[in-house]
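Rule-based calculations on the coordinates, nothing more; no lab input. Here the structure is a predicted model, which is why all the values come from computation and not from measurement. Every residue, glycine among them, receives a Cβ derived from its backbone with ideal geometry; neighbour counts consider all protein chains shown.
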């Protein structure tokens, strides 16, 4: 029996309506995540990856709203029946149910370790707040749990760190503290939105190692959002490639790297500088530029830059995600 | 933290000294001195002051000596608690000022508290519900508060009160309590009369603080730590109040300190219009009569009051913002 | 930030695909200069634009005060003391013919005091572009034409007073026109002085830092902690009684700006401090620009818009200060006319209860302050591209 996916997003659309026009930040995104898997979501800046994450967490800022789609999430046993599914898109964003899921069952860490903590509260108090929000622990017990979490994520002298302000910690330490806070209630899904982009390479490796270790220990799933294909290659089991608010290809990580089907995925892979390339060889960027959000191309969003553009088809209709192999789906007319 | 407070206190002392010099200089600027105007006053009433009498008066008030000598004499007296004699009223300055200074303090503090109490919630609401009807209403009232000078507002309200309600809304006391001894009843009478002057004085400050709070909060609401708080599962109200508001409160608190000089100085004119028994009307008369000790003392005391108030607000700021506390350790 | 003149790439793909067509509107935004961007943003702010119109109108009045007034502002007529505003009747027997009623004296049967009542039998027509007292248009051309007036020219025994008269019988409307001139220009001079002081001291403070910064900062803090009105009262009271109107005018200006420069200095200092670390400043120095050049050619244009906004916001404070001082009798004195001087007549409730029109000069004060505030806000919003 095929296990129910942990998270199943179907045709998610999140639009931002402003005076100047409507930005279709997420325009029909669908993907699945299995329990304990690591899904890497890649794409250029502005393709809607972060908004997808925020939509799942139901913390999209006004004027954005989910206009269509379903977000089926499998709740862990013990919280209203074993393995019960709930459609997050239908919940009240600020309602009690969504808030009990948010932070406890799905956690979010994101890019800016420098300013992700409140500058006027201690690190510890913020972690303890997360703990006591979802677990019936007293103040002392929560504090001990916070210290223990900090230790688990590799923060030295956690008993002192817990009473420090965030600006007394380095970037790497802050990101670890964020992870500690996110994991303090043992979520089944961790959404990591560009967790290492703002860190230097050494710290990057450490944080990724940490995440992998924690994942092995706790068995949680990770949705890793990044524009860095190297990180994806290291961490992900599956990959979804996004462009202009749509998933254009989804496949296991090996298939993406060795058998990319969508022209955009191929172009992305081609544009990575290789260590073994000849000196003075030109890099191959993707032609053109990402269109202005108010000025989306008709039909397939990638067609103005696509080397395989088929006039008459690609600029008229938009392709949808279809399976082309084992767990491999592409959204392109080349494969229909 | 103590070092920080110490520095602020030192600055406060400097300020008080600067004010005293300025106050004294102001008094000395007009040509002639009190004796000249006293002579003129006597002459207009028909009596004559002989040169000898004038000279004696001069010696008595120390008016013939160089400026800095007079200043030091004045300072020495003040440090001993002797604020001198009001030449016009022929009584010690402290007597003439009497309870007026305390009433000035009470009115100013009432206005300050009102500013806080109104500006904070309205500013928060305005920022969180940006572009809503409430926001526009608050902004509009804020602009009215900024645009209408407080003394004009006082005048208009007086007029309306007189014409519409046939009531005299000026003054801080009902006639029967005006010169009475302090008692519970008198305090209650004062409290009943306080709201109008407090609102008039505080309105401009409130308007400004609303705008500052709104702008600060709008800045903070966009920051990542707000997203963190939300993603933990906190209710929206807690997210806003516990995080961005706390951070936005810091610059807000520090500006409160500077509202005080504005309120105090505003109270001078508003007291004139409303006929409040505070220091304002007294100062005006003293300046026109060149009553040196009285005017100088009033300006000095007003300055001291303001500096103390600013110092208190600095201390409050330190207590609120742990970042400053940490910088000093 | 330095001028954002990026050109949108319109290259074709080497593989022959169609290019991404950018909207011409977006392209215009990319190539617009800083001032153009500011103007476009400003234009969206309807209220600010309206305020700009109001401010412009005020200054037109400043220029044309003589023309808009119809009575000599200093001509006092005891028997016209404290006249209420006259009602203007627009139609006379069906024809458009604005006129007011003349006045006749009568005795109030109860108080036996002389009162003036409207006399419907005497209709005084209002003429446009009528003859009135002599003045010099733009200070050059002697003329006697005014916007409105009544027959008989400068020696008319019948007169119109649209806004009533004051205790000395002087027409309030005309005095208001002249008062506008002084009130609005005193603000300009004061702001200029504050601007110079603020930019120089704030710039020193922010650019050089160190001891100069500390001293100037402390001075600013000391000045900010002092309650201003008592200080102004003192300084203004110290002005000798026998100074001429002009001397008093300038002295008041200096007094007000001596305390008002602190706000501008803070803005300038803040800008300099934050800009010192900006890359474009560092690169200017690295390229070899002298300090002067760095400051004036590179840094100052960046915050020029902020300065303009701060200056516009400083004007209302000047206007209110002058009005307050003159209201107390410590500022400008008659025969000078400003809004504050006009309001001096409205100092107590009893007077105002009988002649409420004496409070009318408060209206232009409020409108002017509001207009400048909205305008300054609009400019500040437009100048800061990252605020929203």
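Quick look at the values:
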quantity	calculated
FRET efficiency for residue A:163 and residue A:90, using Cβ-Cβ distance with R0 set to 35 Å, rounded to 0.05	0.25
Footprinting exposure proxy for C:72, A:209 (fewest neighbouring C-beta atoms within 10 Å first)	A:209, C:72
Global geometry of segment A:229-330, whether rounded, prolate or oblate, following the gyration tensor of its Cα atoms and the 1.5 cut on a/c	oblate
Beta bridges by DSSP in chain A, antiparallel share as percent, to the nearest 5	65 percent
Stokes-Einstein D (µm²/s) once Rh is taken as the Kirkwood radius of segment C:235-291 over alpha-carbon pairs, at 37 °C in 0.692 mPa s	222 µm²/s
Cα shape, chain A, gyration tensor, a/c 1.5 rule	prolate
Rounded to whole Å, sorted largest first: equivalent-ellipsoid semi-axes of segment B:105-231, Cα gyration tensor	37, 18, 10
Residue mean of other protein chain beta carbons inside 10 Å, A:111-121	6
Kirkwood-Stokes translational diffusion coefficient of the protein assembly as shown, alpha-carbon pairs, 20 °C, 1.002 mPa s, µm²/s	62 µm²/s
Förster radius 51 Å - calculated FRET efficiency between residue A:272 and residue B:238 (Cβ-Cβ, nearest 0.05)	0.70
Relative contact order computed over segment B:113-256 (Cα-Cα under 8 Å; 6+ residues apart), in percent	34 percent
Taking the convex hull of Cα positions in segment B:228-277, its mean projected area over all directions (nm²)	5.1 nm²
Between 0 and 90°, nearest 10: helix A:171-183 axis offset from chain A longest Cα axis	80 degrees
Exposure proxy order (Cβ contacts within 10 Å, fewest to most) of A:56, A:41, C:61	C:61, A:56, A:41
Degrees separating the helix A:139-152 axis from the principal Cα axis of chain A, which is the longest one	50 degrees
Fewest-first ranking of B:225, A:15, using other Cβ atoms within 10 Å as the exposure measure	A:15, B:225
CD proxy at 222 nm, helix term only [per DSSP H run n ≥ 4: -39500 (n - 2.57); per residue of chain A; nearest 500]	-8500 deg cm²/dmol
Whole-number percent relative contact order across chain A, with pairs defined as alpha carbons under 8 Å at least 6 apart	19 percent
P(r) weight above 17 Å for segment C:266-323, C-alpha pairs, percent	46 percent
Of all DSSP beta bridges in the protein assembly as shown, antiparallel share, percent nearest 5	75 percent
Rounded FRET efficiency, nearest 0.05, which uses the C-beta distance separating residue B:5 from residue B:76 and R0 of 35 Å	0.75
Nearest-ten-degree value, helix A:123-134 long axis tilted from longest Cα axis of chain A	80 degrees
Potential lengthening between residue B:164 and residue B:186 on full extension [0.36 nm per residue; Cα-Cα distance subtracted]	5.2 nm
Computed over segment C:307-375: relative contact order in percent, which uses C-alpha pairs under 8 Å that are six or more apart	34 percent
Cα-based radius of gyration of segment C:239-388 once divided by 2.2 N^0.38 Å, which approximates compact folds	1.43
